[in-house]
Amino acid sequence: MSIKITTKTPSSPFTRTDLLIIFGEEGRKVKLPKGVSIPANAIESFTGREGEVHITDALKGAAKRVLLLGLGKGRAISGELLRRSAAIAVKKAQETGCRSASAWVNLSCGRRATEFGQALAEGLIMGSYRLSEFKSTSQPAGLKRISLYAEKLFNAGVRRGHAIADANLLARRLQDTPANLMRPRDLVREARRLASASPRISCRVHDEKAMARMSMGSLLSVSRGSSEPAYLIHLVYRPSGKPGKKICLVGKGLTFDSGGISLKSPAKMHEMKYDMSGGAAVLGVFHALAELHPDAEVHGLVPASENLPDGKANKPGDLVKACNGLTIEVLNTDAEGRLILADALAYAAKKIKPDAMIDLATLTGAVVVALGHELSGVMGNSRNLLDELVACGESTGEQVWPLPILPFHKQEMKGSVGDLRNISGPETGAGSCTGGAFLSYFVDDIPWAHIDIAGSAWGASDRDYQGGRAGTGVGVRLLVNYLESC
Ligand code: BES
Ligand code: ZN
Ligand code: ZN
């Protein structure tokens, strides 16, 4: 459950709160709500420099404590800075055992009130995320409500930010849930839940029989070693009016990746519950669509599967056939993400025929080496689409960085026995590019982008609105931003 945000104007009566959060600009005198006072030296020593944090007991008034948070020079304040600052404030409130908090926003934001309202709400909600549902002992109650005192112009942004941050939290909850509780069938349940909560969203689930009828031999091969059946989830959001563009999102939903017969080493294998992060992001996006009602028609495909070794599992050297007719030599059973995406992308290109498609996948360890945990790699066949996604990354803070798919990367993925092989030769390197090159054989001529989120989906350093050991929900805010521009 996320916290509740109530919007008020700075002239509304200031009501009782455990913590009053004040965002201060450098060089501008701090204003406090009527009746609240704090020690004079706390105000005098606060300069408003970016990153400055003071917390002090109030002398009198409706707030118990006051948190002063510096944003730096007014002109330089960005949405991302506000998002991060709001998250820092909320984390402080949680650490100090507050049940309620009030944020007092008195910024010179001009025409950016909507953007700022959205960023504040996103930071407040994302910063509050905690995973406690699996502990047997009861956890501290945590923050329940926040009152946001800001000009009315902020309200529309706050509502949007709330919906988008709730969607981010949904993705993170799915990611963080252990793999024995988040199996392919559990992703199906979550997708159906989204559809039943909104008249604009429908959900169709293809089971293994249906996928066999559609000749999805590549997707089906990955879960053969698992007792959990695979599914292909197909969500559709339809706007109420005449739809704008038709966009298809595809998210890798590998609920556990042991590597299969090409077994991973044990050190970090437990982290492979996060191999469904692309699927989690797609489900998160649909949660937001139900609230935001953009004009685009949006399809969401989540191939959901588990990669385990047993007597029936894919063996290195096996040959499988995708639904577009291409045969694939499975030289490494750990390169399974591309096998499930191959059929999902080919299905999208053939049956959905979108104006553009974007897949998100924790596809390669190589992208973690190339870009670390704060960036996702993006590649594809359309310069326009890549440029649009890079711009969305800049405005949301979920940055994506272009990587190439060159003809020789594609050549590398040609097989000797079959049409393709699922890994490149050992001397090639560029594992993220060759992963993307493999996928490019399944998209026909549809404008397509592949976002490798293996680094950004979890494992980021513990900072403000994301990180620590948990999932980040990466992709949700980026894609919602993209869809709203379609
Ligand atoms: N799910 C992994 C990618 C991954 C690795 C994500 C580490 C996050 C951290 C994927 O299925 C995989 O195992 N890829 C292989 C591909 C290789 C065999 C060509 C990899 O990256 O090692
Ligand atoms: Zn793998
Ligand atoms: Zn994987």
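The values are calculated or read from the model by the stated rules, or taken from the named source; none is laboratory data. A quick note: this is a predicted structure, and the numbers were derived from the prediction, not measured. All Cβ positions, even for glycine, are placed from backbone atoms using ideal geometry, and neighbour counts span all protein chains on display.
Kindly provide the set of residues from segment 56-98 that are of a type in the set (Ser, Thr, Tyr) and part of a helix (DSSP H, G or I), ordered by number.
Answer for segment 56-98, where residues must be of a type in the set (Ser, Thr, Tyr) and part of a helix (DSSP H, G or I): just SER85.
Quick check on SER305: is it within 16 Å of ligand 2 (Cβ to nearest atom), at negative phi and in contact with a strand residue (DSSP E or B) (Cβ under 7 Å, 6 or more places away or on another chain)?
When the stated conditions are applied, SER305 passes them.
For (1) polar (S, T, N, Q); (2) in contact (Cβ under 8 Å) with a residue 24 or more places away in the chain; (3) within 16 Å of MET379 (Cα to Cα); (4) touching a Cys at 6+ places or on another chain (Cβ under 9 Å), each residue gets a yes or a no:
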{"residue": "LYS410", "(1), (2), (3), (4)": "no, yes, yes, no"}
{"residue": "ASP419", "(1), (2), (3), (4)": "no, yes, no, no"}
{"residue": "GLY425", "(1), (2), (3), (4)": "no, no, no, no"}
{"residue": "ALA430", "(1), (2), (3), (4)": "no, yes, yes, no"}
{"residue": "CYS433", "(1), (2), (3), (4)": "no, yes, yes, no"}
{"residue": "ALA437", "(1), (2), (3), (4)": "no, yes, yes, no"}
{"residue": "TYR441", "(1), (2), (3), (4)": "no, yes, yes, no"}
{"residue": "ASP452", "(1), (2), (3), (4)": "no, yes, yes, no"}
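Residue under question is ARG172, and the condition is that it be loosely packed, with under 15 Cβ neighbours inside 10 Å and in a helix (DSSP H, G or I); does it hold?
no
Return the residue satisfying two criteria in turn: it lies in segment 308-342 and is more than 17 Å from LEU254 (Cβ to Cβ) and basic (Lys, Arg), and of such residues it is farthest from ligand 2 (Cβ to nearest atom).
So, considering only residues that are more than 17 Å from LEU254 (Cβ to Cβ) and basic (Lys, Arg), the one farthest from ligand 2 (Cβ to nearest atom) is LYS321.
Provide a single number: the residues in segment 146-165 that are surrounded by fewer than 21 Cβ atoms within 10 Å (Cβ to Cβ), part of a helix (DSSP H, G or I) and among the charged types (D, E, K, R).
2
Yes or no, residue by residue, for (1) of a type in the set (Ser, Thr, Tyr); (2) buried (at least 19 other Cβ atoms within 10 Å of the Cβ):
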{"residue": "LYS73", "(1), (2)": "no, no"}
{"residue": "ALA93", "(1), (2)": "no, yes"}
{"residue": "THR96", "(1), (2)": "yes, no"}
{"residue": "GLY127", "(1), (2)": "no, yes"}
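Taking only segment 345-395 into account, find how many residues are among the small types (Gly, Ala, Ser) and either part of a helix (DSSP H, G or I) or surrounded by fewer than 18 Cβ atoms within 10 Å (Cβ to Cβ) (or both).
Result for segment 345-395: 11.
Please determine whether any residue of segment 301-316 is more than 16 Å from ligand 3 (Cβ to nearest atom) and under 18 Å from TRP448 (Cα atoms).
Scanning segment 301-316, I find at least one residue that is more than 16 Å from ligand 3 (Cβ to nearest atom) and under 18 Å from TRP448 (Cα atoms), so the answer is yes.
Restricting segment 131-145 to residues that are modelled with pLDDT under 90 and surrounded by 13 or more Cβ atoms within 10 Å (Cβ to Cβ), which is nearest to ALA167 (Cα to Cα)?
LEU131
For VAL298, which of the numbered conditions (1) more than 16 Å from ligand 3 (Cβ to nearest atom); (2) touching a helix residue (DSSP H, G or I) at 6+ places or on another chain (Cβ under 7 Å); (3) farther than 16 Å from ILE233 by Cα fails to hold?
Condition not satisfied by VAL298: (3).
Report the residue count in segment 225-243 for those that are closer than 20 Å to GLY279 by Cα and either of a type in the set (Val, Ile, Thr) or surrounded by 20 or more Cβ atoms within 10 Å (Cβ to Cβ) (or both).
9
Every residue in segment 11-26 that is farther than 24 Å from LYS73 by Cα and either aliphatic (A, V, I, L, M) or in contact with a helix residue (DSSP H, G or I) (Cβ under 8 Å, 6 or more places away or on another chain) (or both), please.
Across segment 11-26, the qualifying residues are ASP18, LEU19.
Could you please give the count of residues in segment 346-368 that are within 16 Å of ligand 3 (Cβ to nearest atom) and among the hydrophobic types (A, V, I, L, M, F, W, C)?
So the count comes out to 6.
So which of LEU219, LEU232, LEU254 ends up being modelled with pLDDT of 95 or more and more than 16 Å from ligand 1 (Cβ to nearest atom)?
LEU232
Per-residue answers, yes or no, for (1) touching a residue at least 24 places away in the same chain (Cβ under 8 Å); (2) within 16 Å of ligand 1 (Cβ to nearest atom); (3) not aromatic (Phe, Trp, Tyr):
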| position | (1), (2), (3) |
| --- | --- |
| VAL320 | yes, yes, yes |
| LEU341 | yes, yes, yes |
| ALA349 | yes, no, yes |
| GLU394 | no, no, yes |
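Would you check which residues across segment 258-293 are near ligand 3 (Cβ under 10 Å from one of its atoms), more than 30 Å from LEU483 (Cα to Cα) and of a type outside the set (Ser, Thr, Tyr) and list them?
Of everything in segment 258-293, those that are near ligand 3 (Cβ under 10 Å from one of its atoms), more than 30 Å from LEU483 (Cα to Cα) and of a type outside the set (Ser, Thr, Tyr) turn out to be GLY259, GLY260, LYS264.
To keep it simple, each residue is scored yes or no on (1) within 16 Å of ligand 3 (Cβ to nearest atom); (2) farther than 14 Å from GLU336 by Cα; (3) crowded, with 18+ Cβ neighbours inside 10 Å.
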| position | (1), (2), (3) |
| --- | --- |
| GLY415 | no, yes, no |
| ARG421 | no, no, yes |
| LEU439 | yes, no, yes |
| VAL443 | no, yes, yes |
| TRP448 | no, yes, yes |
| SER456 | yes, yes, yes |
